[in-house]
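Asks: Here it is, the structure, as structure tokens.
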Amino acid sequence: MEFEKIKNALKKKEGERTKIRGWIYRKRKSGKIIFVVIRDSTGIIQVIIEKNKVTEKEFADAKKALIESSVEVEGIIHEDERAPGGREIHATAFNVVGFAEEFPITEYQSVEFLLDNRHLWLRSRKMTETMKLKAYMLRFIREWFDENDFWEVTPSVITMNAAEGGATVFSFDYFGQEAYLSQTAQMYLEALIFSLERVWSLTPSFRAEKSRTRRHLIEYWHLEAEEAWVRNEENMKLQEEMISYVCQNIAKKCKEQLEFVGRNPEDLMVIEPPFKRIKYRDAIKILQEKGFDIQWGDDFGAPHERALVEGEDKPIFITNFPVESKAFYMKIAPDGKTVECADMLAPEGYGEIIGGSEREEDIKSMIERLKKEGANIENYEWYFDLRRYGSVPHSGFGLGMERLLCWIAKLEHIRDATPFPRLLRRAYP
RNA sequence: GCCGGCGUAGCUUAGUCAGGUGGAGCACCCGGCUGUUAACCGGGCGGUCACCGGUUCAAAUCCGGUCGCCGGCGCCA
């Protein structure tokens with residue numbers, strides 16, 4: 001008989017045979033009967049091992065096998081209200097594949113301990129379902145890009161351009177030259193639109209910021225897209241369509257996972273275009289009316305973002321930030337004071353999930369702004385070339401996968417959106 | 001970078017204010033139990049009280065320093 005997944009075993013009828021394998025999730029014993037709950041990637045099921053139904057060795061092994069021992073079980077399905085899930089297996093054979101040592105994680109755990117034992121905590125059901133949601137998100141994003149004529153490309157994460165900030169990049173020795181870990185693939189994607197027109201990529205991005213919040217990772221998975229012949233407004237349209245596509249598919253196809261992490265699928269079903277657009281200067285007014293001490297030119301902090309999405313059940317765009325507060329590559333608007341950009345803020349105070357903009361085509365303007373930042377212009381020559389050889393209007397955006405997952409899976413901390421979080425004081429395991 | 005909190009058994013913690021032989025629950029081991037659901041009952045194992053120094057007859061406890069971690073803010077995506 002072939003092994004089957006626990007999810008399938010749970011669908012079988014009274015009296016049918018089954019054969020499963022997995023890890024011991026819970027165990028209780030009582031003299032001549034042992035209750036073992038087995039876990040695999042698809043779910044959990046209770047197994048009953050009675051002394052007179054299996055061999056003496058099998059019973060003795062079942063008795064001494066600790067939590068997380070790996071096992072193979074063959075038996076008969078019985079419907080029983082007392083079993084979690086309503087069905088259980090009465091074992092006719094029980095084989096321990098690998099005896100587990102005493103598992104360090106027990107019922108009481110602290111955040112610190114779980115982070116130290118991340119490699120083991122990943123076995124928890126909450127982490128398992130969260131990782132599945134992330135995989136589904138990626139699947140639906142890929143589907144959406146495929147259906148919208150985008151090419152997936154693979155830029156480098158090693159770069160000589162210190163890109164944005166400057167102080168917040170990780171540098172390392174590249175055979176005698178100083179090189180950096182990428183903070184964004186954007187400029188490389190811009191180079192690729194001149195042949196492929198619409199491109200997207202998924203790469204790790206690194207930020208050496210000493211941020212210590214529930215929204216920041218040192219290393220995160222950065223989804224970026226770049227589109228030729230697209231201006232800021234159409235760029236926003238693409239973003240809201242993609243986000244809506246992902247949310248609705250997750251809501252329809254991942255009910256089990258959503259329920260497990262405490263997110264009502266209805267919250268995601270209502271996500272559909274268009275998303276509200278608010279100009280930066282109007283956002284400032286709204287915040288002032290709400291009593292914040294903020295004026296033109298100030299950046300939004302977490303409390304401001306929360307206030308702006310208050311009462312919204314869909315994400316919103318904040319557009320046209322002041323030139324000074326945004327990067328050199330964003331196109332300056334006709335008013336000369338703002339740039340053609342849009343930040344997408346998730347509802348419920350989850351903060352910025354997408355930052356996008358139309359790209360500047362005027363080389364002089366970019367040089368001016370780069371100089372103000374104190375950047376080394378020579379490193380950008382190749383980037384300026386893109387404007388010299390048949391430039392076109394183009395736009396793009398970047399999305400933090402973990403931030404999107406935080407919102408979708410209603411996570412309290414971004415570290416749980418990735419299996420091995422890199423945090424300010426933690427890169428182990 | 002700033003503010004706050006924490007560090008006692010493998011884990012979660014009481015004890016610190018007010019100095020005087022460090023207790024408990026879980027896990028694990030042994031025994032009992034044929035329907036458990038965080039099983040239960042009896043017994044057992046388990047401690048450099050983060051580290052260094054000081055005060056004191058006596059320090060987990062008081063004082064000084066160091067290290068580690070957590071939460072928030074700022075910065076940022």
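The values are calculated or read from the model by the stated rules, or taken from the named source; none is laboratory data. From a predicted model like this one, the values you see are computed outputs, not experimental measurements. Cβ coordinates were reconstructed from backbone atoms using ideal geometry, including for glycine residues, and neighbour counts include every protein chain displayed. The protein model used for the area step is the full one, side chains on, heavy atoms only, and it has no ligands, DNA or RNA in it. Shrake-Rupley method; radii C 1.70, N 1.55, O 1.52, S 1.80 Å.
Asks: Any chance you could run the full-extension gain for A:LYS29 through A:GLU348? It's 0.36 nm times the residue separation minus the Cα-Cα distance, nm to one decimal.
Replies: 110.3 nm
Asks: Using a 7 Å offset from the Cα along the Cα-to-Cβ direction at both A:LYS7 and A:TYR389, what is the distance between the two label points in nm, to one decimal?
Replies: 4.8 nm
Asks: Restrict the search to the stretch A:346-429; then list the trypsin sites (Lys or Arg not before Pro) that DSSP places in a loop and that have at most 11 other Cβ atoms within 10 Å of their Cβ.
Replies: When the trypsin sites (Lys or Arg not before Pro) of the stretch A:346-429 are filtered for loop state and at most 11 Cβ neighbours within 10 Å, A:ARG425 remain.
Asks: For the Cα atoms of chain A, what angle does the longest principal axis make with the long axis of helix A:125-147, in degrees from 0 to 90, nearest 10?
Replies: In chain A, helix A:125-147 runs at an angle near 50 degrees to the longest axis.
Asks: Here's another thing I want to ask about it. Treating the angle as unsigned and between 0 and 90°, give the value, to the nearest 10°, between the Cα long axis of helix A:280-289 and the longest Cα principal axis of chain A.
Replies: That works out to roughly 70 degrees.
Asks: Here is a further query. Write out the GluC sites (Glu not before Pro) in the stretch A:372-419 meeting two conditions: DSSP loop, and at most 15 other Cβ atoms within 10 Å of their Cβ.
Replies: A:GLU412
Asks: Given the options A:GLN288, A:PHE321, A:GLY31, identify the residue whose Cα lies farthest towards the positive end of the charge dipole of chain A (+1 on Cβ of Lys, Arg; -1 on Cβ of Asp, Glu).
Replies: Farthest towards the positive pole: A:GLY31.
Asks: Which whole-angstrom value gives the distance between the alpha carbon centres of the stretch A:356-377 and the stretch A:36-90?
Replies: 64 Å
Asks: Using a 1.4 angstrom probe on heavy atoms only, work out the carbon and sulfur share of the accessible area of chain A in %.
Replies: The nonpolar share, carbon plus sulfur, comes to 49 percent.
Asks: Mind checking the stretch A:100-178 for GluC sites (Glu not before Pro) that DSSP puts in a loop (not H, G, I, E or B) and that have at most 15 other Cβ atoms within 10 Å?
Replies: Taking the stretch A:100-178 and a limit of 15 other Cβ atoms within 10 Å, the loop GluC sites (Glu not before Pro) found are A:GLU101, A:GLU102, A:GLU107.
Asks: Out of all DSSP beta bridges in chain A, what portion is antiparallel? Express it as a percent rounded to 5.
Replies: Taking every DSSP beta bridge with both residues in chain A, the antiparallel ones total about 90 percent.
Asks: About the Cα centre of chain A, what is the dipole size in debye to 20, counting +1 per Lys and Arg Cβ and -1 per Asp and Glu Cβ, all else neutral?
Replies: My answer is approximately 1840 debye.
Asks: Once you keep just the Cα pairs under 8 angstrom separated by 6 or more residues, what percentage relative contact order results for chain A?
Replies: It comes to 13 percent, rounded to a whole number.
Asks: I would also like to ask the following. How many angstrom lie between the Cα centre of the stretch A:304-354 and the Cα centre of the stretch A:1-31?
Replies: 51 Å
Asks: Give, as ranges by residue number, the residues of the stretch A:206-232 whose backbone N falls under 15 Å from the point 7 Å along Cα→Cβ of A:GLU152.
Replies: A:222-225
Asks: For A:GLU266 and A:ARG214, calculate 0.36 nm times their separation in residues minus their Cα-Cα distance, and state this gained length in nm to one decimal.
Replies: Going from the current span to full extension adds 16.2 nm.
Asks: Show that you can apply the helix-only estimate: for chain A, add -39,500 (n - 2.57) for every DSSP H stretch of four or more residues, divide by all residues, and state [θ] at 222 nm to the nearest 500.
Replies: It lands at -9000 deg cm²/dmol.
Asks: I'd like the Karplus ³J(HN,Hα) series for the stretch A:11-28: coefficients 6.51, -1.76, 1.60, θ = phi - 60°, whole numbers in Hz, and an x wherever there's a Gly or Pro.
Replies: Ordered by residue, 3J(HN,Hα) equals 8, 6, 9, 2, x, 6, 7, 8, 9, 10, 8, x, 10, 6, 9, 9, 8, 9 Hz.
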